[in-house]
Amino acid sequence: MMNRACCFLLAAVIALAACSNAPGEDPRADPRDAARVALGAKVYVQHCAVCHGVKLEGQPNWRVRLPHGRLPAPPHDESGHTWHHTDDVLFGITKYGLVPGKYSPKDYESDMPAFGDKLSDEEIWAVLALHQDELDIRRRSKGTC
């Protein structure tokens, strides 16, 4: 009986931790910083939405290769894969592009451009804060957190 109660308690703690409002591992992408999220929204609309969608929905059929062999831009919601990358990886992909061998398989080709010459580091981190904020909002609205 005691073992069963301990397992239940452990499961409850893990579930609560998974649904916490804690930001990503890098404070520069903190979704609780309203000014940072607002800057991220402005930057996203100007530079990212054309490919990733105004509502972060990505391009249609983003898992199906285009005629040139590359994949369309993925969504930045829970149906995509952005959420499982670390903040540092997402920052690097945004700043330097999807560098084969570093952020993707060695022979992988992508249409993801580098934004390091267009956006400041602060602007890139702000977009990452926006992504995390949007994920948190969607999870709460679905009752998963």
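The values are calculated or read from the model by the stated rules, or taken from the named source; none is laboratory data. Worth saying up front: this structure is predicted, and the values here are computed from it rather than measured. Neighbour counts are summed over all protein chains in view; Cβ atoms, including those assigned to glycine, are modelled from backbone coordinates with ideal geometry. These accessible areas exclude ligands, DNA and RNA; they are computed on the full protein's heavy atoms, side chains included. Shrake-Rupley method; radii C 1.70, N 1.55, O 1.52, S 1.80 Å.
As an exercise: evaluate ALA73 against (1) open to solvent by less than 70 Å² (accessible area, probe 1.4 Å); (2) out of contact with any Cys (no Cβ under 8 Å at 6 or more places or on another chain) and give the number of the one condition it does not meet.
Condition not satisfied by ALA73: (2).
Only one of (1) without any contact (Cβ under 8 Å) to a residue 40 or more places away in the chain; (2) charged (D, E, K, R); (3) farther than 15 Å from VAL127 by Cβ fails for LYS95. Which number is that?
(3)
Could you list, in sequence order, all residues of the stretch 80-114 that are open to solvent by 50 Å² or more (accessible area, probe 1.4 Å) and either in contact with a His (Cβ under 8 Å, 6 or more places away or on another chain) or within 19 Å of LEU56 (Cα to Cα) (or both)?
Residues satisfying the conditions are HIS81, TRP83, HIS84, HIS85, THR86, ASP111, MET112, PRO113.
Within the stretch 44-75, can you find the residues that are over 15 Å from the mean Cα position of the chain (by Cα) and closer than 21 Å to TRP125 by Cβ? Before the answer, list the steps.
If we filter the stretch 44-75 for residues that are over 15 Å from the mean Cα position of the chain (by Cα), which is where we start, we get 45-47, 50, 59-72.
The answer is VAL45, GLN46, HIS47, VAL50.
State which residue is modelled with the lowest pLDDT when the search covers only the stretch 31-41 and only residues that are more than 18 Å from LEU119 (Cβ to Cβ) and either of a type in the set (Asp, Glu) or surrounded by fewer than 17 Cβ atoms within 10 Å (Cβ to Cβ) (or both). Break it down into steps so the answer makes sense when it comes.
Initially, the stretch 31-41 is screened for residues more than 18 Å from LEU119 (Cβ to Cβ), giving 31-32, 34.
Within this subset, residues satisfying the condition of being either of a type in the set (Asp, Glu) or surrounded by fewer than 17 Cβ atoms within 10 Å (Cβ to Cβ) (or both) are 32, 34.
Details: ARG32: 92, ALA34: 95.
Checking each candidate, the answer is ARG32.
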